[in-house]
Amino acid sequence: MSGCALFGQHERRASVELLPAPGLAAHGTVTFVDNPDGVQVTYNLAGLPPDSDHGLHIHDANDCIGAGPQGIGAVFNPLPQPAAGARTAHAEGDLPNVHADSTGVANGFFVVPDLSLDGVRSIIGHALVLHRDPDDPYAMAPTLLDGPRLACGVIRR
């Protein structure tokens, strides 16, 4: 009977194919699955420099055409900003860094509690960018200082 309880439920998911920036080799897929704890993000990336760390951000833009980091918009943050002088909150689109192994491959997953595939926190239609450099874990706010794009794609259902 317990198997019947799952019948009819549909997993809410989205994915993105990250395509390399011109002249680079980084590429891969990232999937997003809504679950009770937030959105599980599973990544399978290749073509990265061996033994390297990289920032992974969801940006406001809905394409990867922009000429520079500002062309793809700020890091996705659908909630109001804190009052002036207050410590800046973590932006929802500022995802954990990913680590490439000695062969330039990065595989893994993490759960982001503040994202969704529906509503105001929905990431559907936003650009996902893999950056050359890792995030600064001590930064007060997400920045565009993670280096140029290695790969980019738009999140789709």
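Values quoted throughout were computed directly from the atomic coordinates according to the rules given, and no laboratory measurement underlies them. This structure is a prediction, so every number in the text was calculated from the model and none was measured. So basically every Cβ, Gly included, is an ideal-geometry build from the backbone, and we count neighbours across all protein chains shown.
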Taking the Cβ-Cβ separation of Asp133 and Phe110 as r and a Förster radius of 30 Å, what is the calculated FRET efficiency to the nearest 0.05? 0.95
Förster radius 25 Å - calculated FRET efficiency between Thr29 and Asp51, Cβ distance, rounded to 0.05: 0.70
Along the Cα-to-Cβ line of Thr42, 7 Å from the Cα, sits a label point; which residues in the stretch 98-117 have backbone N less than 20 Å from it? 98-101, 105-117
Summed side-chain charge close to Arg12 - residues other than Arg12 whose Cβ falls under 11 Å, Lys, Arg +1, Asp, Glu -1: -1
